[in-house]
Each structure stands twice: as structure tokens, then as C-alpha cells.
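This report concerns only the one structure given below.
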Amino acid sequence: MDIKSAEFVMSNSDVAKCPKALLPEYAFIGRSNVGKSSLINMLTNKKSLAKTSGKPGKTQLINHFLINKNWHLVDLPGYGYARVSKSSKKTFQKFITQYFGLREQLVSAFVLVDIRHEPQTIDLEFMQWLGENGVPFSIIFTKADKLKPKAIDNHIEAYKTIMLETWEDMPNYFITSATNDIGKDAVLNYIDGLNGNMKIH
Ligand code: GTP
Ligand code: MG
């Protein structure tokens, strides 16, 4: 799929105020600093469409981007950032729970995982929660530019082993790098395929 247009629509902390249009929607979620916002910029060929930062906790709201005038990409705040207050953790949990519970336009979530790390409990638990709540998701491994191909293979194998302890199959997954444009076509073509199946509008 070619990206012909990508525009910021709005930021919200309240799911009820998110765009009402019944356009197919895809949400990026994952630990703080994993590269959600950077990946959105890479996929849309726009350097600063979504705000990125070297410091975790940059994205604080639900951000909608309209792509090719007919589907939404959503940038969400990260979880697992230790240095936020208890009350903001609670607020975050509330609107993420509401987002995934209420957003009927959501076709699929993408759970971003830093390919360099061992499988993290917080990610595994989050995917478990998505599964229990019937939210379809794929995994996107990020920052593949930081590892050699062999190490990438090893990390994917380790991830599969852990996932298969609780899941029947390894979820659909992608290997990406926002820095080196890796995985762009695979992710966009996957979304294109899902958009084609949608009878949402
Ligand atoms: P929060 O909004 O805080 O939850 O973070 P985020 O997941 O949106 O991460 P963001 O895109 O802001 O990126 C965090 C840091 O990782 C930045 O310093 C990015 O430059 C860096 N980064 C993101 N993607 C990549 C990548 O593919 N490769 C490398 N090497 N660095 C990356
Ligand atoms: Mg962000």
C-alpha cells in the first residue's frame, strides 16, 4: 500500500471524544520508549507526524492519524514506565482499558516489543489481557537495526518458545526498524489486506 496522505486528527484522554467515523483503526501499544511513535513516522514517511523522544513517557494521550483519508493509525502512551506517579498510572490504565473495550472501529492492535530484550512479563501479561478481552493483535518487534540477523533469529525463537507456553500459536509478527525502514511494506500490506476485508463503512 502506498501512503498518499497522513494527517494528525486529534489527541484525547477520553475515548468518548475520539473520532466518530467508522473507519478501520489500528492501534500501536507497548512499553514506553519501544518506538511506537517512531514506527508511525516511518510507516507514513513523515519524520515528525507523531512526537518521539529519547525519554520514556513522551506520548500521553490517544492520538489519531488519518491515513489515505480512509483509515486511522492510533499512537497510544506506553506502559511500564517506572517513573510515573501512581495516579497517572491509574489514569493511563483506565483510558487504555476503555480504549480497547469501547473502540468498535479497532480492527487490530499492534503490540510493539523491543527485539533486543528477553520476553518481558509486562508485555506477556498485556497480550494475555488482549486475548482475554477478544482484541485481535499482532506483535511488532522494533529496533531490529540494533541486532545482527543471527541474534534476531535467536530472539524470535526465544519469544516463540515463551508465547507457546500460553498460546496455541505464535501470533502474527513483524520485524521492523524505524531507523532503517525495515518491515514497512510487510506492515502496510498487512493493514491493506485487513482494510480490504472490512465491512465497517
Ligand atoms: P513513549 O511515547 O514514551 O511511550 O515512547 P514510544 O514507544 O513512542 O517511543 P519513541 O518512538 O518516542 O522512540 C523512543 C526512542 O527510541 C527514541 O530515541 C527513538 O529514536 C528510538 N527508536 C525508535 N525506533 C527505533 C529504531 O527502530 N531503531 C533505533 N535504533 N532507535 C529507535
Ligand atoms: Mg510515543
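The values are calculated or read from the model by the stated rules, or taken from the named source; none is laboratory data. Every value quoted in this text rests on a predicted model; they were computed, and no experiment measured them. Using ideal geometry, Cβ is built from the backbone for each residue, glycine included, and neighbour counts are taken over all protein chains shown.
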Checked pairs for region 123-147, first over 28 Å from Thr179 (Cα atoms) and at pLDDT 95 or above, second of a type in the set (Ser, Thr, Tyr) and not in a strand (DSSP E or B), C-beta under 7 Å and 6 or more apart or across chains, list as Gln128/Thr166
Do the conditions hold for Asp14, that is, is it among the acidic types (Asp, Glu) and within 16 Å of ligand 1 (Cβ to nearest atom)? no
Surrounded by 14 or more Cβ atoms within 10 Å (Cβ to Cβ), modelled with pLDDT under 95, not aromatic (Phe, Trp, Tyr) and not in a loop (DSSP other than H, G, I, E, B) - does that describe any residue in region 39-50? no
Identify the residue in region 143-179 that is within 16 Å of ligand 2 (Cβ to nearest atom) and over 12 Å from Leu43 (Cβ atoms) and, among all such residues, is surrounded by the most Cβ atoms within 10 Å (Cβ to Cβ). Lys143
Taking Ile182 as the residue in question, decide whether it is touching a residue at least 24 places away in the same chain (Cβ under 8 Å), more than 26 Å from Pro19 (Cβ to Cβ) and more than 16 Å from ligand 2 (Cβ to nearest atom). yes
Residue list for region 35-57, filter: more than 8 Å from ligand 2 (Cβ to nearest atom), closer than 14 Å to Thr142 by Cβ and touching a Phe, Trp or Tyr at 6+ places or on another chain (Cβ under 6 Å): Pro56
Quick check on region 15-31. Is at least one of its residues buried (at least 19 other Cβ atoms within 10 Å of the Cβ), over 17 Å from Thr176 (Cα atoms) and within 14 Å of the chain's Cα centre (by Cα)? yes
If I filter region 74-97 for residues that are assigned to a strand (DSSP E or B) and either under 14 Å from Ser37 (Cβ atoms) or of a type in the set (S, T, N, Q) (or both), do I get at least one hit? yes
From the residues in region 76-87 that are of a type in the set (Ser, Thr, Tyr) and within 15 Å of ligand 2 (Cβ to nearest atom), which one is modelled with the lowest pLDDT? Tyr81
